[in-house]
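The values are calculated or read from the model by the stated rules, or taken from the named source; none is laboratory data. What you see is a predicted model; the values in this text were computed from it and never measured. Cβ coordinates were reconstructed from backbone atoms using ideal geometry, including for glycine residues, and neighbour counts include every protein chain displayed. Calculation scope for accessible area: heavy atoms of the full protein, side chains included, ligands and nucleic acids excluded. Shrake-Rupley method; radii C 1.70, N 1.55, O 1.52, S 1.80 Å.
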Amino acid sequence: MSRGENPAMTLALDVAAAAGAAGEVPVGAVLVDGSGNVVARSGNRVERDRDTTAHAEMLVLREGAARLGTKFLAECDLYVTLEPCPMCAAAIAFARLRRLYFGAFDPKGGGVEHGPRIFDQPTCHHRPEIYGGIGERRAAALLREFFRDKR
C-alpha cells in the first residue's frame, strides 16, 4: 500500500478533525471488515466522556466487537491517524486485528514503532501487519494545529 491516503484513512482524518473541533486531541480511527466495509468509526472522546481510556482505537474496537458479535476481529483492519499508544496497541493485539494502518508517528507516546513496541514483546500473542505513515502529513498537521492553538 502506498503512503498516500485511501478512503478509510481519509474518513479517519475527517473524524480526527471533528474530534479536534470538539476540543479532543484530534485522533480518529476507522475499523473496516475484510470487504472494506466500515464497521465502526470514532474520534477521541477522553474529555467528553471523562474517561482516560476513551481513545479512538479503544472505542472502535469496542463498537466493532459489539456489532460483529465477537471479541476477535481477525478479519478486520484498523486505520488510525496517530501511532497507537501502548494501551491501544495491547488492545489491538488482544483483538487479533489483521492489519494496522496509522498516520503520524508518535515518538513520545507511541507503543508500536516507539516506546515499548508492544508487538515486538515476547509476551505479545498476536502481531498485526503494520503500515505507518499513511496520510501522515495531514494527520501531523491536525495535531500541530491543535496543540499550537492550545498554547
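Suppose every Lys and Arg Cβ carries +1 and every Asp and Glu Cβ carries -1, with no other charges. What dipole size does region 45-151 come out with about its Cα centre, to the nearest 20 debye?
For this selection, approximately 180 debye.
Considering only protein heavy atoms, what per residue accessible area in square angstrom results for region 21-138 with a 1.4 angstrom probe?
Here the residues of region 21-138 average 48 Å² of exposed surface.
Please give the FRET efficiency for Arg48 paired with Arg148, using the beta carbon to beta carbon distance and R0 = 22 Å, rounded to the nearest 0.05.
That gives a FRET efficiency of 0.50.
Where does helix 86-95 land angle-wise versus the long Cα axis of the chain, in degrees 0 to 90, nearest 10?
Helix 86-95 and the main axis of the chain meet at about 30 degrees.
Can you work out ³J(HN,Hα) from phi for every residue in region 100-106, in order, using Karplus 6.51 cos²θ - 1.76 cosθ + 1.60 and θ = phi - 60°, giving whole Hz and x for Gly and Pro?
For region 100-106, the Karplus-derived couplings read 10, 10, 9, x, 6, 7, 10 Hz, x marking Gly and Pro.
Tell me which of Pro122, Leu61, Phe72 sits at the most positive position along the dipole axis of region 24-151, charges placed on C-beta atoms (Lys, Arg +1; Asp, Glu -1).
My answer, from the dipole projection, is Leu61.
If DNA, RNA and ligands are ignored and the probe is 1.4 Å, what is the ranking of Asp149, Asp33, Asp77 by accessible area, most exposed first?
Asp149, Asp33, Asp77
Explain nothing, just compute: Karplus ³J(HN,Hα) = 6.51 cos²θ - 1.76 cosθ + 1.60, θ = phi - 60°, for every residue of region 134-142 in order, whole Hz, x for Gly and Pro.
For region 134-142, the Karplus curve yields 7, x, 4, 4, 5, 4, 5, 5, 4 Hz.
Calculate what fraction, in whole %, of the accessible area of region 9-151 sits on carbon and sulfur atoms when a 1.4 Å probe is rolled over the protein chains.
Carbon-and-sulfur percentage of accessible area, whole number: 50.
Quick one: which residues, 5+ away or cross-chain, put their amide H under 5 Å from the amide H of Gly132? H built at 1.01 Å from N.
HN-HN under 5 Å from Gly132: Phe102.
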